[in-house]
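The values are calculated or read from the model by the stated rules, or taken from the named source; none is laboratory data. Computed from a predicted model, the values in this text were never measured in an experiment. Note that each Cβ is placed from the backbone with ideal geometry, even for glycine, and that neighbours are counted across all protein chains shown.
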Amino acid sequence: MTRLLPSLLAADAPPFAVIHREHEPVLDVLVGDVVDVDRLADIPLDGAEVLALVPFRQVRERGFAAHDDGAPIRCLVVRDRESLGVAEAIAQLPRHPVIVDDLDVDVSDADYAHVVRRVIDDEIGRGEGANFVIRREFTGSTDAAPAVAVLGWLRQLLEHETGAYWTFAFSTPELAAVGATPERHVSSIDGLISMNPISGTFRHGDAAHDDDALLAFLDDVKEREELVMVVDEELKMMSAVCPDGGRIRGPFLKRMSRLTHTEYLLEGRSSLDPREVLRRTMFAPTVTGSPMGNACAVIARHEPTPRGYYAGVLARFTPRRGGYDVDAPILIRAAYVDGVGRIRVPVGATLVRHSDPDGEVAETRAKAAGVLTALGALPRAASSDRRVDAARLETLLESRNDRLAPFWRTPQAARPPRAATALVIDAGDDFTTMLAHQLRHLGLEPRVVPWHDAAEAPSEDLVVFGPGPGDPRDLDDPRVGRLRELIAARLATGRPLLAVCLSHQVLAGLAGLELAPLPAPRQGVQLDVDVFGQRAAIGFYNTFSALAPAGSMSPRLGLEVAADATTDVVDALRGPAVASVQGHLESVTSPDGLAVLERLLDDLLVRRAEVQEPAGAGRARG
């Protein structure tokens, strides 16, 4: 006999949450007391189960930009709970959908399409990043009590939505929410860290009955690159959280009522406090973009209002022997109701270099449709049980892995120690965490520092200048100016250095090579390039490039050039104790990246042993 669920419909119902997790036969009802805190570390893990609603503004804890609306981390400290079968729960929830009035959208279709064009031209086109997620909001109102409203909508979602990782309702004073989120951001269960990046959106409709349309979606370049870019971004997070990095499984299909997505599963192990796991992984690139720091700045520039809880997480902390586990889905595909009945349904689209503005408009509407239908604001779409031939589907999904780095798909057994240390300078892109992990795997002892904290005379055997966003020609950019100083200082010592992406471009500028924007940004693009006599499949994330003929020597520093013979786009440079690459050897899009990195390290560290006196001071200042 259930006792808690019926009580939630009373006028004096306590704060509550109702949660159904994917593939589970039961639904959990949690009742408790509300505690608001300012920081993730303050979430009260004192023995009770806790459900925490974490707002997007919390990215400020990582030093990233966000409009500050003062939204708290709202914690439900559980004092009573029950579990019941899903069918039994549905029978007890309100049957009729609550009426929603005044349905509107805060950014019109035309204005949103204009924002898409601006982001592609002004942000991706200027090298600020590979992809960005910009939101818009559908709005409305209801006269129903928020607690009753979200429970009625929950029933609709449980009955009609499919493929959700969590389906939930949450009610506290002045704030209630309901949703069917498809995506786990992160979980930490007995030390096993899991993330589920989801990207790529196939909109159902007439095409849902067309096998060829779904197969074409799975083979679409934009959709494939969009998913791989967010996998790269979440592998950065995994490398920051898990000492052994992370490994990927998949891809898989995530089928929902109106959409089908593609996803990967990332796994690794960590002993970190689950609150620290959340802090280091704020927030999913599928709802922000990459690189993370710049993505948050772009969001702040192009979204005039705060996000509230959209793109944050709903984190469930459950006590276990010796600590807590956490399961934290992303707060997307959700509706929020305030104390006076105002309704918000925020949605976003991932914008990449070849996004179609009208297509991104349609994607936001499709993403909102499942929730708006549950709210009764849209008619229910006809469903179809038709499925693409399983064998064809599996073959096409598995083929996506043919061009991915095996390093991130298999156990990563460490190589023998090299008895060498490395300083990795973070130039504003957390790819440095993946790069440091690969250096560790190859036997070095790496240490990562941000560009503004790096010393000009580090003691490490190797200095790796990392990737970052931006224009390498912009000497007014403090990051570019500091990289020039640090690279010049290292060159003056004659001791080994490796430069990647933006830092490679800065080195090329110091070497007297021309720097220019590419005709089209190469964000998440895999190319087969010649790295000093060996072909290698490498992933690129760059908008700018150095230019010089293949096989030439740079005007200053005397560096040998590896470049495309047709376009003169420089892929790598090398000289005594110097190496640089434009591509990301650490990326999941670089199947040959680890081998190239190992070859460069072998050469650099052999030369380190040959250096007797500081050399090259005059050259470095040329």
* Which one is surrounded by the fewest Cβ atoms within 10 Å (Cβ to Cβ), of the residues in segment 4-54 that are part of a loop (DSSP other than H, G, I, E, B) and among the small types (Gly, Ala, Ser)? -> ALA11
* For segment 90-111, which residues satisfy the criterion of being in contact (Cβ under 8 Å) with a residue 24 or more places away in the chain, out of contact with any Pro (no Cβ under 8 Å at 6 or more places or on another chain) and either outside the structural domain of PRO379 (by TED's automatic domain parsing) or not hydrophobic (A, V, I, L, M, F, W, C) (or both)? -> PRO94, ARG95, HIS96, PRO97, ASP101, ASP102, ASP104, ASP106, ASP109
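Can we say ARG57 is basic (Lys, Arg), surrounded by 14 or more Cβ atoms within 10 Å (Cβ to Cβ) and within 30 Å of PHE544 (Cα to Cα)?
Spelling it out, it is not the case that ARG57 is basic (Lys, Arg), surrounded by 14 or more Cβ atoms within 10 Å (Cβ to Cβ) and within 30 Å of PHE544 (Cα to Cα).
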* **Verdict on VAL231 being under 19 Å from MET292 (Cα atoms), at pLDDT 90 or above, of a type in the set (Val, Ile, Thr) and in contact with a Lys or Arg (Cβ under 9 Å, 6 or more places away or on another chain)** => no
* From (1) modelled with pLDDT of 95 or more; (2) buried (at least 24 other Cβ atoms within 10 Å of the Cβ); (3) in contact with a Ser or Thr (Cβ under 9 Å, 6 or more places away or on another chain), pick out the condition that doesn't hold for GLU560. => (2)
* Asked: Has segment 101-108 got at least one residue that is of a type in the set (Ser, Thr, Tyr) and in contact with an Asp or Glu (Cβ under 7 Å, 6 or more places away or on another chain)?
  -> no
* What are the residue pairs meeting all of these: first residue in segment 73-89, first residue in contact (Cβ under 8 Å) with a residue 24 or more places away in the chain, second residue part of a helix (DSSP H, G or I), Cβ atoms under 6 Å, and 6 or more apart or on different chains? -> GLU82/LEU4
* Asked: Residues in segment 285-293: is at least one in the same structural domain as GLY127 (by TED's automatic domain parsing), closer than 23 Å to ASN131 by Cβ, in contact with an Asp or Glu (Cβ under 7 Å, 6 or more places away or on another chain) and at pLDDT 95 or above?
  -> no
* To do: Enumerate the pairs (first residue in segment 459-472 and surrounded by 24 or more Cβ atoms within 10 Å (Cβ to Cβ); second residue anywhere and in a loop (DSSP other than H, G, I, E, B) and among the charged types (D, E, K, R)) with beta-carbon separation below 6 Å, excluding pairs fewer than 6 apart on the same chain, so at least 6 apart or on different chains.
  => PRO467/ASP429; GLY468/ASP429; PRO469/GLU128
* In this structure, does SER199 turn out to be part of a strand (DSSP E or B), buried (at least 18 other Cβ atoms within 10 Å of the Cβ) and within 21 Å of the chain's Cα centre (by Cα)? -> yes
